[in-house]
1. So how much slack lies between Leu28 and Phe129, counting 0.36 nm per residue of separation and subtracting their Cα-Cα distance, in nm?
2. Work out the FRET efficiency for Leu72 and Asn117 from their Cβ-Cβ distance, taking R0 = 22 Å, and round it to the nearest 0.05.
3. Give me the one-decimal nm value for the distance between modelled label points at Asp103 and Ala42, 7 Å along each residue's Cα-to-Cβ direction.
4. If a/c stays under 1.5 just call it rounded; otherwise compare a/b with b/c (prolate if a/b is bigger, oblate if not). Do that for segment 9-105, with a ≥ b ≥ c from the square roots of the Cα gyration tensor eigenvalues.
5. Kindly rank 58-66, 112-120, 16-24 from highest to lowest mean number of other beta carbons found within 10 Å of each residue.
6. Let me make sure I get this right: for segment 54-125, a, b and c are the square roots of the gyration tensor eigenvalues over alpha carbons, sorted descending. Under 1.5 in a/c it's rounded, otherwise prolate if a/b > b/c, else oblate. Which is it?
Amino acid sequence: MHIETAPRPAQMAERKRIALIAHDNRKLDLLDWARYNRGTLAEHDLYATGTTGALIEAELGIPVTRFLSGPLGGDQQVGAAVAEGRLDFVMFFWDPLEPQPHDVDVKALLRIAVVYNTPIACNRATADFVLSSPLMTRTYERFGFREQALAAQR
């Protein structure tokens, strides 16, 4: 007899772990957004890829845990942290009009976010809606696509 096991949801605490990433042409936009939302961001744990993290930390005076620069593996590190449940959100201000040398890493990060049902904001409007959600200040359980797929295979 085969016993079905319900998939376990990922648990987001009240204090969220937010990754901030921006391509070169979008760094000023992300900095402006972060400045505007400094009070809210200060209530959470911030992570970022190399240069973006340094800029945000210097501009806001908020500690930022930094990964490598995106083209040097930082996007992959963020993706791994999402897959391992170490990040709750990704704010990725990417530039869809400029070719990126690490485009495959960008696509992989977007895919991982979807597979693990991790909110990912790719523009300022979406980032505003995500950050202003009432769910930002409470715990939240989310099932990932991966967990649902594994449960369906059983």
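1. Working: separation 101, 0.36 × 101 = 36.36 nm, distance 1.94 nm.
My answer for the length gained is 34.4 nm.
2. Values: r = 28 Å, r/R0 = 1.25.
Using R0 = 22 Å, I get an efficiency of 0.20.
3. About 4.1 nm, to one decimal.
4. Working: a/c = 1.83, a/b = 1.13, b/c = 1.62.
Oblate, since a/c reaches 1.5 and b/c is not below a/b.
5. Values: 58-66: 14.8, 112-120: 19.7, 16-24: 23.1.
By packing density, highest mean first, the sequence is 16-24, 112-120, 58-66.
6. Details: a/c = 1.41, a/b = 1.16, b/c = 1.22.
Cα axes put segment 54-125 in the rounded bin.
Only the coordinates and a few stated rules stand behind these numbers; no lab work does. All values derive from a computational prediction rather than experimental measurement. Methodologically, a virtual Cβ is constructed for each residue, glycine included, from the backbone with ideal geometry; neighbour enumeration extends over all protein chains shown.
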